[in-house]
Amino acid sequence: MIQDIKLTAVVVCIAAISLMAQSDKQKVCPRLLTNAPMIVNIEGRFVNEQKNRTSASIEWRHHNETLDTFFVNLYDSPSFTFITAGSYRYMLIGESKVKRQLGLHHLKEKIGKTPLRLDDLELLANGFFKCPDSTRLSMPNSILATAYSNMWWSLVTDSLPNPEKVVMHGASKNRYFTISNWKSYAGELLPTLVNVASGDYGGNLWIRSAYPAQALEADPLRKLEKPKILFPVPKLFRKITAMEGERKIPLILKLNKQLLGE
């Protein structure tokens with residue numbers, strides 16, 4: 001009887017955990033900077049915590065249903081590629097493209113010597129925020145709580161969907177954004193110039209260019225790989241089958257055999 005009660009309790013606990021996990025998934029409300037497949041080129045210039053000048057150039061390839069890719073070029077640190085699908089992520093480091101798997105706790109890492117974090121790229125790609133709590137009517141929709149971020153807890157805007165002031169609260173000091181202007185790129189509104197400030201660093205981010213992802217395929221200047229021409233392989237370098245290995249005896253050997261037999 002006691003064993004049955006224990007077994008029932010375990011089943012109830014497992015079911016409760018499963019329901020909680022499902023409810024957590026349902027509470028995620030992605031908020032993306034752009035909903036269209038876009039290629040966005042971002043430039044950043046900063047004075048970091050060590051009071052040194054640093055910079056970064058980022059090409060963000062955003063897709064709706066596939067992996068998001070960030071090509072990060074740094075002038076004082078090794079460049080890398082950051083690829084994320086939301087549930088998993090990895091980096092390709094240096095010219096040799098060394099692959100490094102990343103967990104959520106790795107997202108706190110800085111991007112080179114800049115004040116940017118890998119978590120910034122993750123939020124930009126996937127926009128994982130919690131849905132507003134319907135039971136708290138006094139909570140404004142401009143306060144966005146992150147769902148899976150290890151670096152930032154919340155993002156507070158002065159308005160939506162195109163704010164001018166944004167504050168990020170998290171494990172580090174607060175970060176303040178001032179957005180100078182929003183501009184239409186192929187029908188998508190994106191911030192053209194963003195001032196970034198905190199207690200220990202400051203700088204600017206701006207969009208150098210942005211265009212639909214389909215334009216990359218149609219770019220006449222893009223270097224396309226030519227298909228390899230497959231020439232017929234000589235039999236000398238191929239695996240010879242049993243039938244091919246059966247060779248006929250030359251006629252001169254047959255005649256010699258007949259003469260010797262006589």
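The values are calculated or read from the model by the stated rules, or taken from the named source; none is laboratory data. Since this is a predicted model, take the numbers as computed values, not measurements. Virtual Cβ from ideal backbone geometry, glycine too; neighbours counted across all protein chains shown. Side chains are part of the model used for accessible areas, which takes the heavy atoms of the whole protein and leaves out ligands, DNA and RNA. Shrake-Rupley method; radii C 1.70, N 1.55, O 1.52, S 1.80 Å.
Is it the case, given these coordinates, that residue 126 is out of contact with any His (no Cβ under 7 Å at 6 or more places or on another chain) and surrounded by fewer than 18 Cβ atoms within 10 Å (Cβ to Cβ)? Write out each step before concluding.
Values: out of contact with any His (no Cβ under 7 Å at 6 or more places or on another chain): yes; surrounded by fewer than 18 Cβ atoms within 10 Å (Cβ to Cβ): no.
Criteria not met by residue 126.
Does residue 199 fit the bill of being in contact with a strand residue (DSSP E or B) (Cβ under 6 Å, 6 or more places away or on another chain) and assigned to a loop (DSSP other than H, G, I, E, B)? Even if it seems obvious, please write down each step before you answer.
Details: in contact with a strand residue (DSSP E or B) (Cβ under 6 Å, 6 or more places away or on another chain): no; assigned to a loop (DSSP other than H, G, I, E, B): yes.
Considered against the rule, which asks whether it is in contact with a strand residue (DSSP E or B) (Cβ under 6 Å, 6 or more places away or on another chain) and assigned to a loop (DSSP other than H, G, I, E, B), residue 199 comes out as no.
Restricting the stretch 49-60 to residues that are surrounded by fewer than 19 Cβ atoms within 10 Å (Cβ to Cβ) and touching a strand residue (DSSP E or B) at 6+ places or on another chain (Cβ under 7 Å), which is farthest from residue 212 (Cα to Cα)? Working first, answer last.
Of all residues in the stretch 49-60, those surrounded by fewer than 19 Cβ atoms within 10 Å (Cβ to Cβ) come to 49-53, 55, 57, 59.
Then keep just the ones that are touching a strand residue (DSSP E or B) at 6+ places or on another chain (Cβ under 7 Å); that gives 53, 55, 57, 59.
Values: 53: 32, 55: 25, 57: 19, 59: 13 Å.
Top of the filtered list is 53.
Among the listed residues 203, 199, identify the single one that is at pLDDT 95 or above and open to solvent by less than 80 Å² (accessible area, probe 1.4 Å).
Values: 199 fails: at pLDDT 95 or above.
Selected residue: 203, the only one of 203, 199 that is at pLDDT 95 or above and open to solvent by less than 80 Å² (accessible area, probe 1.4 Å).
Any residue in the stretch 109-121 that is modelled with pLDDT of 90 or more, open to solvent by 20 Å² or more (accessible area, probe 1.4 Å) and in a helix (DSSP H, G or I)?
yes
Could you please find all residues in the stretch 143-182 being among the hydrophobic types (A, V, I, L, M, F, W, C), in a strand (DSSP E or B) and open to solvent by 50 Å² or more (accessible area, probe 1.4 Å)? I'd like the intermediate steps shown before the answer.
The initial filter retains those residues of the stretch 143-182 that are among the hydrophobic types (A, V, I, L, M, F, W, C), namely 143-145, 147, 151-153, 155-156, 160, 166-168, 171, 177, 179, 182.
Imposing the further condition that a residue be in a strand (DSSP E or B) reduces the set to 143-145, 152-153, 155-156, 166-168, 177, 179, 182.
Hits for the stretch 143-182 are 143, 153, 182.
Of everything in the stretch 73-91, what is open to solvent by less than 60 Å² (accessible area, probe 1.4 Å) and under 11 Å from the mean Cα position of the chain (by Cα)? Give them in sequence order.
81, 82, 83, 84, 85, 86, 89, 90, 91
Are there strands (runs of 3 or more DSSP E) fully within the stretch 1-75 with at least 3 residues that are at pLDDT 75 or above and of a type in the set (A, V, I, L, M)? List them. Full working, then the answer.
On the way: elements: 38-47, 53-62, 68-74.
So the answer is 38-47.
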